[in-house]
Structure formats: structure tokens, C-alpha cells
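As C-alpha cells, the structure follows; a few thoughts come after it.
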Amino acid sequence: MVKARKNNLIRRSKGDVVFDVVNFVLITIMTLLIIYPIYYTIIVSFSDIDAVATGKVTYRPVNFSLEAYSYALRQPRIGSGYLNSFIYTAGSILWGLFITLPLAYAMSKKYLFAKGVISWFFIITMYFSGGMIPCYLLRRDLHLLNNRLVLILGALSTYNMVIARTYFQNSIPDELYESAKCDGASEFRCFFTIALPLAAPIIAVLALYFGVAQWNSYFHAMIYLSSADKFPLQLVLHTLLNASMQALTSAESGSLTSGEALDLMRQAKIAETMKYSMIFISSAPLLIAYPFVQKFFIKGMMIGALKG
Amino acid sequence: MHAKSVVNAPAKRKRLRTEIWKNREIYLLILPAVAWYIVMCYFPMGGLSLAFKSYKGKLGIWASPWTGMKNFTSVFASPTFSKAFWMTIWINVVEVVVCFPAPIVLALMLNELRMNRYKKTLQTIFTFPNFLSWIIVSSIIKNLLSVDGALNGFLATLGLEPVSILGEKKLFRPLIYISGIWKSAGWSSIIYLATISGIDQSQYEAAEIDGASRWQRLIFITLPSLLPTISIMFILEIGGMMSGHFDRIYNLQNDIVASEAETLALYIYRITFERKPDYGFSTAVSMFCSVINATLMIAANMVSKKLGGGGLIGDVNNGH
């Protein structure tokens, strides 16, 4: 194999070499374009405020400083936002699995009566929805507005069900269930003692999908929650990132004594750098975990796309 | 079906009933999900009747008086609605032309890359931004492009005038497309890469023996093999056309450029949270979007099946 590959390399024509070089160069440039904005955000967050304001930070932190972090962590809502996001994320993972796994298991059974109709019942909701206002009014009538449960209970996805069903259908042989049933196992027993233990990979995939979706979401929180102490991290960020912009403009235009103005200007500068540190703080869990869990995300996508 | 002629109807019904009773536990397993979907999805769908009503807060959705097509007449007469409608169409057309091919090109490029370890690292990098929220991505972009951001710092070192990209009306839509590619192209390319890895290698070997260059192999073997996947992704793209891209535009916009990219999704959001919202009117607009989405989806699916690209809905439905 290795030998064949080497031969191949030797026989490469001139055109093929050009092709390889151009491809390599282009893809490296694209990679840099993807990395740099993220990298820049991180180095700015660790740099001195004045160095940032004068545009000296380009490829490495200048005058290493943690001021932006101490400022960000002093923001009252960051801590509660983090905690809330963890609660919502954990909650929607549990709730999502609780509803999705039994459903997907049942949907994978050939002997489910009117399976086609039941499939459509779920799939239609992917493409047709009641829209913002009926959804809002429904939650109001259920007394779910400004209730933490609204974010957790609302987080289901038909797509995840389809993935899990495909997995149950293709990865667990029917013979396992059949022999268990011969020995007198009930459907529940089959589900809990055969399907679930064998579904560990898909459970990990679904948990990650539900988790990331919830961690990154802000829209439902924005329209259904009103007290700031219930806001998830993303919504806190959304508010803070826009608020610090205002702080900046008011410092420039206000009629203040020079001392006050200078102080405010400095505050505004810190607020600017704080944006970078907040971005890093809120995406750090993902940044750290991503290389390790990437394979699960990809696996989920593969199963979803499977047409076997 | 075959039993129809042999067994008479009542006997068949009875058999079905015993069959269902025998498997009753399976129905218990789907019960929670069915209940959830009825309450959280189908109930609001019934709430779409609001589009044909004049909403009175005291009466609620169900008791509010019917007004027939009045909401729709005023929706279609509204100039802001038609502006948002055409804006949505336009943004989606450009999106399909510019952003949709990006992951395909990326997958082809990654596939042609010969260094396997480098390829793995690149994949991790390219797919990562997809998992950042739009709040984060938009602030990264804003920081980078703002008047005192990295881009202008770089221009200043070259002795060039600073540019205010975020406040420039003409640049706002290109910014939306580019940020979309930046965030999602890498992740979407995974699906194409998976298809490529399933292509029969003997085709390439035969082509190589016949003297086909790398480029020819790419155009005549790899790309055609990707067509079924491309058509499925295309259907998905079309199916979300009327309601898509909200997060991106909502988070990147500011007061100066807001009017440059008000799609229907943003329009609905704006009119719903205005000081004096007209719920009937907003619901009529979202119903319009939903109907168009569903219609486009079905149409695209049919066309794709006709062209032999393989439909999507059937696959989701049967899983086989």
C-alpha cells in the first residue's frame, strides 16, 4: 500500500502538482480566516486596554493583563447567567432524552400500527408551525411565561428523533428483541434492558445536540422570560454587549468635568475589552470540549443522513 | 392488503385490535411525545386561526371575532410587507448562489488534500464556529470590523483611511452572507465529505489509468457522485427559505443598516413587539411564511425526485 502510494507520488504530472499546491495554499488561507477572528478575540481579552485601543494587538497579547476578566466577572449577571445556562442545558438534555428515546424506539418498530401516519404527525411540525404569537399566547395560558420551565419543556427536536430512530432501526438487530420476547420479556423490558444499554453512542449524540442547542439559544429566553435573574448566559451577553456600547457613546457626548469624563472614558474602554473577555468566558466550555466531542457531533450528522 | 379478499372486514378489524392490544406498551412509549406535540405544536397551529380573526385580549384566541380575509388583505396591501417579502426572496437567491456552494467547494478541497493528519486538524477548525452562538459570532465580527477593531488597526499601519464596515449600508448584506459562510460552511461540508468517502475507488483508478488529471477526476467523478446529497441539502435550504437567517441578521444589524436586510422573519418580530401590535396581522404574515415554506419544500422534493436526485421527505419518513 505504502509502496503504491509512493509510486503514485512519483508519477504525479506537473498539472497535478500545481493542483496540489494551489489547493494547499487556498485551504491554508481559508483556515487562517476561520481561526484569526477567534484567536484575535482571545488575545485582545488578555491584553492591556490601552494597547487594544491604539490597535497594537495583532498577533499576540500586548502587556498581558487580566483586567478585562476581573471587570467581566464583576458584572452581576454573568454568574447567574452561567448557572442558569447550566440548569437549562442539563434540564433540556434530560427532558429531551426522556421524550425522544422512547418515541424513537417505538417508531423503529415495524409492527407499530399506522406508522406512516404517526411519522407524518411528527414530521409536519418540522416544516409547519403556529408561529410566534400563538406559541406565546399558549405559554401565557399555561402560566409558563417568566417560568424557568418554559425553556426546558420547549426544547424538543423532531430531527433528533429521526436520528435516534434510524439508530435503533439499523444498529440493534431485531433478533435480540425476538429472543428476549420468547423468554417472556415485555416491550418495556426490551426498551430498558436491551435498547437503552445498546444506545449509549446515540444517547451521547442526542445529549450533545440538545445541550449545545440550549446553551446557544437566546430567542425563547428573550421573548418568554422577563426577570433578569432567570436569563441564560447568551441573553445576558446580548444585553451586556449592547449596553457597553451605550456606555461608550454616553461618555463621549456627556457634559462632564474632565476628571469624570476621563474616568468614564476609561470605564468605556474597559467595557470594550470586556466584550472580548465575555466572549471567551462564555465559549470556553465549548472551546475546550470541542476537539474531544467533535466525533459525536459528526456521528450524529452521519446517522441523520443515512439512507440505508 | 393481500388478506383483504380472504378475510372479511370485521374479522380483520378484530385482528387489528388484538394486534394493537398485544403491543399496547409500544403505544404507551410514544404517548408522552404525542401529548407534547399536540400541546406545544398542534395547539399553536390551531392558533393560526388568529390570522382570520381580530384579536381581542379579553377574549383570547378562540373567542375573538372572525373577520375573514381582512388581515390578509391588509398584509398584502402593506408596503413594508412587500418590501420584506422581496428582500427575503432576494437574500435567499444570493444565499443559494453564493453560500450554498461554499461547503461543497470546501469538501472537494479538503478531499483533495493529501496530508491526512493536517486534514483532520483542519476539519476540527472548520467545523468549530458552527457551535458558537450567533450572539458570540456577531460580537466577534463586530469587534473585528468596528472602527477601532483589528481590521482598521491593520489598515492604519498601512497608512490607509479607516472604514466603517458595520455602518455602511451597501456592505451589510455581503457581511451577512460572509458571516454565514464563516460559521456554517465547515460543518455543512462534513455531509459532503462523508458522501465522497463512500465513492467507489475503482472509478478513480480506472480514470487514472485512462490518463485523467486530478481536476478531471474531480469534475467527472466526485462532483456527479455528490449530486444526490446536494439535492437533499438544497431541499432543506429551500424549505426554510421564508423563515431563515433570523439570528444572523438580528444580531449583526444596527440602526443604520437595519432597513437593508429586513426579511419576513425580522419583520414579524418587529411588528409583534411594537408598542401596539396587531396579533391578527402578525399571525397572518407568519401563516403566509409557513404556507410558502411548506409548499416550496414539497415542490422541491417532487422536482428532486423527478430528476432522480432522491427526495428527502420519503427518506425521513421511512428511514429505509
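Per-structure values
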| quantity | calculated |
| --- | --- |
| Cα radius of gyration and Dmax for region A:57-192 (Å) | 22.7, 72 |
| Mean Cα-pair separation over length for chain B, i.e. relative contact order, pairs under 8 Å, 6 or more apart, % | 24 percent |
| Ordering of B:223-232, A:283-292 by burial proxy (mean other Cβ atoms within 10 Å per residue, highest first) | B:223-232, A:283-292 |
| Radius ratio Rg over Rh of chain A, counting only Cα atoms, Kirkwood formula for Rh | 1.09 |
| Cα→Cβ-extended label distance, 7 Å offset, between B:Lys169 and B:Glu208, nm | 5.7 nm |
| Members of A:Lys110/B:Lys22; A:Lys299/B:Lys119; B:Lys119/B:Lys305; B:Lys83/B:Lys276; A:Lys269/B:Lys142 lying beyond 23 Å, as alpha-carbon distances in this model show | B:Lys119/B:Lys305 |
| Cut-off under 5 Å, modelled amide H: who pairs with B:Lys53 long-range | B:Thr67 |
| Mean separation of Cα contacts under 8 Å (6+ apart) over length of chain A, as relative contact order % | 29 percent |
| Rg to Rh, two decimals, where region B:174-320 supplies the alpha carbon set and Rh follows Kirkwood | 1.11 |
| Formal net charge of residues neighbouring B:His245 (Cβ-Cβ distance under 14 Å; K, R +1; D, E -1) | -2 |
| Projected area averaged over orientations for the protein assembly as shown, convex hull of C-alpha atoms, nm² | 36.8 nm² |
| Size of charge dipole - the protein assembly as shown - debye, nearest 20, with Cβ of Lys, Arg +1 and Asp, Glu -1, no other charges | 1820 debye |
| Total formal charge among the other residues, if their Cβ is under 15 angstrom from that of A:Ala195, Lys/Arg +1 and Asp/Glu -1 | 0 |
| Label-point gap, in nm, between B:Ile199 and A:Phe24 - each point 7 angstrom along Cα→Cβ | 2.2 nm |
| Efficiency of FRET between A:Ala200 and B:Asn254 - r from beta-carbon atoms, R0 41 angstrom, step 0.05 | 0.30 |
| Rg followed by Dmax, in Å, when region B:77-318 is reduced to its Cα trace | 21.3, 72 |
| Dipole moment magnitude, nearest 20 debye, region B:2-42 about Cα centre, only Lys, Arg, Asp, Glu C-beta charged | 340 debye |
| Cβ-based net charge around B:Trp62, under 14 Å, with every Lys or Arg adding one and every Asp or Glu removing one | +3 |
| By average C-beta atoms within 10 angstrom, highest first, the peptides B:36-48, A:191-203 | B:36-48, A:191-203 |
| Pairs beyond 32 Å (Cα-Cα), from B:Lys56/B:Lys183; A:Lys109/A:Lys230; A:Lys56/B:Lys169 | B:Lys56/B:Lys183; A:Lys109/A:Lys230 |
| Separation between Cα centres of region A:103-122 and region B:19-45, rounded to whole Å | 10 Å |
| Per-residue mean of C-beta atoms belonging to partner chains within 10 Å, peptide B:48-61 | 2 |
| For B:249-258, mean number of other protein chain Cβ atoms within 10 Å | 1 |
| Projected area averaged over orientations for region B:2-42, convex hull of C-alpha atoms, nm² | 4.2 nm² |
| Quotient of C-alpha Rg and 2.2 N^0.38 Å, computed over region B:27-145 | 1.75 |
| Selection from B:Ser189, B:Tyr267, A:Ile42, by position along the positive dipole direction of the protein assembly as shown (Cβ) | B:Ser189 |
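A short reminder: the numbers here are calculations on the coordinates, not readings from a lab. Bear in mind that the values here come from a model prediction, so they are computed numbers and not experimental data. Glycine also receives a Cβ, built like all others from the backbone with ideal geometry; neighbour counts cover every protein chain displayed.
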